[in-house]
Amino acid sequence: MTPAHEHHEHHDHSAHAHHHSDPTLYRTPRDAMSAPREKLAYVALLDPDAIGVVDVDPASRTYAQVVGKWSAPKQKSPDEFHHYGWNICSSALGGEHHHEGAMERRYLVVPGLRSSRIYILDTGPDPRNPKLVRTIEPEEVMSKGHYSRPHTVHCGPGGLFISAVGSGSPDGNDGPGGIFTMDHDDFHITGQWEKNRGSQFLAYDFWWHINENVLIASEWAQPYMLENGLVPELLLGRKYGHKLNFFDMATRSQITAVDFGDQHQMVLEIRPSHDPSKTFGFVGVVVDVTDLSSSIWTWYKDGSEWKAKKTITIPAVPLDAAQLPPLLAGFGAVPPLVTDIGLSLDDHYLYAACWATGELRQYDVSDPFAPKHTGTVELGGILHHAKHPSGAQWMGGPQMIEVSRDGKRVYITNSLYSTWDEQFYPGGIPGVMAKVDVLDGGGIRLDRDFFVKFPGHRSHQVRLQGGDSSTDSFCFRS
């Protein structure tokens with residue numbers, strides 16, 4: 001690992017020009033927004049594990065169809081593909097990157113959240129048919145990375161960063177989760193990232209403010225708290241994550257932890273401002289156990305201190321026990337369960353997936369401390385079981401969100417995590433994908449002509465060819 005970035009607004013990148021022939025490495029969010037639109041989407045599939053390739057080019061005759069698929073080799077137990085990512089992104093245009101050869105956004109780094117195995121897929125020769133070029137076995141992840149259950153992949157300063165929810169033992173429950181790093185070129189594991197974790201113990205998502213040299217990490221749970229499903233006693237006992245952890249990237253040490261209060265259970269998806277000169281971001285909280293509401297918090301830098309405040313609350317909706325899955329029957333209400341959030345590249349709109357009520361919400365966050373609710377679409381959900389406008393059934397609710405670079409489209413899928421799917425949607429969740437169009441000046445509408453089925457699979461994370469709003473970090477402001 002090379003050291004993390006210093007401040008680098010003054011960096012002259014002409015010296016690196018020969019390095020990055022890839023036009024999808026963008027200097028600024030605006031450059032990314034004005035680039036050509038995505039033509040392919042890659043979708044993590046599970047039960048069984050695969051990566052599906054969807055044609056998202058409206059000019060193509062195979063538009064809105066699955067045009068390729070890579071299936072994982074049969075294993076004794078499932079890999080459970082989750083939040084995979086690209087080998088490299090726009091953050092590569094800052095700092096010191098020592099690459100052997102050209103830098104290309106070409107490889108998909110696909111971790112198994114259950115197996116701790118990592119697959120490296122090459123999309124270069126044929127983007128519609130990713131090819132397996134390397135498998136990193138669980139033993140290497142645990143022995144060299146000192147963690148298990150890899151969760152989120154980010155290409156970042158000096159290498160690949162991967163968060164993991166389990167400790168470095170086969171059951172993953174005897175120590176903290178955290179972040180390990182991998183080499184960009186040959187994908188060997190370079191080690192555990194944290195040098196001094198302070199009070200941090202649980203792990204989930206992470207991202208950074210590169211110019212501040214600060215990494216922000218959220219908290220979910222240890223493997224035993226999630227692998228066989230959500231454990232109601234632990235939830236009501238307030239044992240899931242409820243803090244946001246801030247680390248100095250140069251010393252890899254915890255600077256501070258902001259505790260949201262232990263009634264706020266499961267602090268999950270992290271979305272920092274894409275403008276690298278700004279120091280705010282958003283994080284979603286799945287449930288407040290006192291009233292079953294979900295919330296979104298804005299973190300920010302106040303002088304030299306990092307703080308966070310709740311800026312969006314989405315209430316639970318009362319519902320007759322007979323219409324609720326057994327897990328929720330005793331509560332007499334449907335929690336929204338905000339399980340993913342997405343931020344457009346211009347930092348203007350925030351999207352929240354309310355997986356249990358079956359809503360995708362849009363907020364205008366041009367003032368990050370006073371979000372305005374500007375649009376909602378209903379799809380699936382325990383509440384309405386809303387059909388897709390095409391008339392197709394949508395089981396589950398909107399779960400994973402991917403916002404296109406130009407901010408005009410939002411892609412959504414419907415599965416959360418296999419064992420949790422069964423608890424909230426005992427009827428099953430066949431894998432599908434939909435597209436939401438963003439209207440000028442705010443508001444959203446489901447595209448009735450875009451409904452993709454993945455027969456025999458569930459669907460999770462979407463990644464866009466050329467990069468998307470939940471992978472790329474930029475080194476220069478627009």
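The values are calculated or read from the model by the stated rules, or taken from the named source; none is laboratory data. A quick note: this is a predicted structure, and the numbers were derived from the prediction, not measured. Cβ sites come from the backbone with ideal geometry, for glycine too, and all protein chains shown count toward neighbours.
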Response to the item:
Considering the stretch 212-252, residues that are of a type in the set (Val, Ile, Thr) and in contact (Cβ under 8 Å) with a residue 24 or more places away in the chain, and then whichever is surrounded by the fewest Cβ atoms within 10 Å (Cβ to Cβ), we arrive at Thr251
Item to complete: Could you grab me the full set of residues in the stretch 161-171 that are closer than 20 Å to Tyr84 by Cα and free of Cβ contacts under 8 Å to residues at least 60 places away in the same chain?
Response: Phe161, Ile162, Ser163, Ala164, Gly166, Ser167, Gly168
Item to complete: For Ile189, work out the one condition from (1) of a type in the set (A, V, I, L, M); (2) without any contact (Cβ under 8 Å) to a residue 40 or more places away in the chain; (3) over 17 Å from Asn245 (Cβ atoms) it doesn't fulfil.
Response: (2)
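Can you find a residue that is among the small types (Gly, Ala, Ser), within 18 Å of the chain's Cα centre (by Cα) and over 26 Å from Met395 (Cα atoms) anywhere in the stretch 296-303? Give the derivation first.
Quick first cut of the stretch 296-303, residues among the small types (Gly, Ala, Ser) only: 303.
Adding the requirement that they be within 18 Å of the chain's Cα centre (by Cα) leaves none.
No, there is no match, as no residue in the stretch 296-303 is among the small types (Gly, Ala, Ser), within 18 Å of the chain's Cα centre (by Cα) and over 26 Å from Met395 (Cα atoms).
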Discussion item. Can you tell me which condition Leu113 does not meet? The list is (1) crowded, with 19+ Cβ neighbours inside 10 Å; (2) farther than 26 Å from Thr419 by Cβ, and all the others hold.
Written reply: (2)
Item to complete: Report yes if Gly168 is modelled with pLDDT of 95 or more, of a type in the set (Gly, Ala, Ser) and either in contact with a strand residue (DSSP E or B) (Cβ under 6 Å, 6 or more places away or on another chain) or within 22 Å of Arg463 (Cβ to Cβ) (or both), otherwise no.
Response: yes
Response to the item:
The correct count of residues that are buried (at least 24 other Cβ atoms within 10 Å of the Cβ) and either more than 17 Å from Thr413 (Cβ to Cβ) or among the aliphatic types (A, V, I, L, M) (or both) in the stretch 364-381 is 2
Worksheet item: Looking only at strands (runs of 3 or more DSSP E) that fall completely inside the stretch 426-478, which ones have 1 or more residues that are among the aromatic types (Phe, Trp, Tyr) and more than 18 Å from Ser71 (Cα to Cα)?
Response: 444-453
Worksheet entry | Set Glu402, Glu422: member being assigned to a strand (DSSP E or B) and among the acidic types (Asp, Glu) | Glu402
Practice prompt. Given the conditions (1) touching a strand residue (DSSP E or B) at 6+ places or on another chain (Cβ under 9 Å); (2) within 21 Å of Gly467 (Cβ to Cβ); (3) assigned to a loop (DSSP other than H, G, I, E, B); (4) at pLDDT below 95, report the number of the one that Asp22 does not fulfil.
Written response: (1)
Worksheet, complete the sentence: In the stretch 281-300, anything of a type outside the set (A, V, I, L, M) and in contact with a Lys or Arg (Cβ under 8 Å, 6 or more places away or on another chain) is listed as Gly281, Phe282, Ser295, Trp297, Thr298, Trp299, Tyr300
Fill in: Of the criteria (1) over 29 Å from Phe260 (Cα atoms); (2) at pLDDT 95 or above, which one Asp185 fails
(2)
Discussion item. Between a residue in the stretch 445-467 that is within 16 Å of Arg37 (Cβ to Cβ) and any residue that is aromatic (Phe, Trp, Tyr) and surrounded by fewer than 22 Cβ atoms within 10 Å (Cβ to Cβ), which pairs come within a Cβ distance under 9 Å, given they are 6 or more apart or on different chains?
Written reply: Phe450/Tyr63
Worksheet, complete the sentence: Only one of (1) touching a Pro at 6+ places or on another chain (Cβ under 9 Å); (2) closer than 19 Å to His460 by Cα; (3) part of a strand (DSSP E or B) does not apply to Gly342, and that is (1)
Fill in: Residues satisfying the stated conditions in the stretch 130-160, i.e. closer than 18 Å to His83 by Cβ, assigned to a strand (DSSP E or B) and β-branched (Val, Ile, Thr)
Ile136, Thr152, Val153
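Of the residues that sit in the stretch 244-290 and are among the charged types (D, E, K, R) and part of a strand (DSSP E or B), which one is farthest from Phe161 (Cα to Cα)?
This residue is Asp288.
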Discussion item. Condition (residue is among the polar types (S, T, N, Q), in contact with a Gly (Cβ under 9 Å, 6 or more places away or on another chain) and more than 27 Å from Ala316 (Cβ to Cβ)) applied to the stretch 455-470: is it met by at least one residue?
Written reply: yes
Worksheet entry | Single residue of the stretch 174-187 satisfying the filter (assigned to a loop (DSSP other than H, G, I, E, B) and touching a strand residue (DSSP E or B) at 6+ places or on another chain (Cβ under 7 Å)) that is farthest from Phe161 (Cα to Cα) | Asp174
Practice prompt. Could you identify the single residue in Ser418, Ser404 that is touching a strand residue (DSSP E or B) at 6+ places or on another chain (Cβ under 9 Å), under 28 Å from His348 (Cα atoms) and polar (S, T, N, Q)?
Written response: Ser404
Worksheet item: Does Gly198 satisfy the criteria of being part of a loop (DSSP other than H, G, I, E, B), within 22 Å of His146 (Cα to Cα) and more than 22 Å from the chain's Cα centre (by Cα)?
Response: yes
Discussion item. So the check is Cβ under 7 Å with 6+ separation or different chains; which pairs have a first residue in the stretch 273-299 that's over 17 Å from Thr28 (Cα atoms) and a second one that's aliphatic (A, V, I, L, M) and part of a loop (DSSP other than H, G, I, E, B)?
Written reply: Val286/Leu337; Val287/Leu337; Asp291/Ala316; Leu292/Ala316; Ser293/Ala316; Ser294/Leu337
Fill in: Every residue from the stretch 118-146 that is buried (at least 23 other Cβ atoms within 10 Å of the Cβ) and within 20 Å of the chain's Cα centre (by Cα)
Ile118, Tyr119
Item to complete: Look through Arg149, Arg105 and report the one residue that is on the phi > 0 side of the Ramachandran plot, touching a Ser or Thr at 6+ places or on another chain (Cβ under 7 Å) and crowded, with 22+ Cβ neighbours inside 10 Å.
Response: Arg149
Practice prompt. Tell me, yes or no, whether the stretch 345-364 has at least one residue that is part of a loop (DSSP other than H, G, I, E, B), closer than 18 Å to Gly428 by Cβ, touching a residue at least 12 places away in the same chain (Cβ under 8 Å) and not small (Gly, Ala, Ser).
Written response: yes
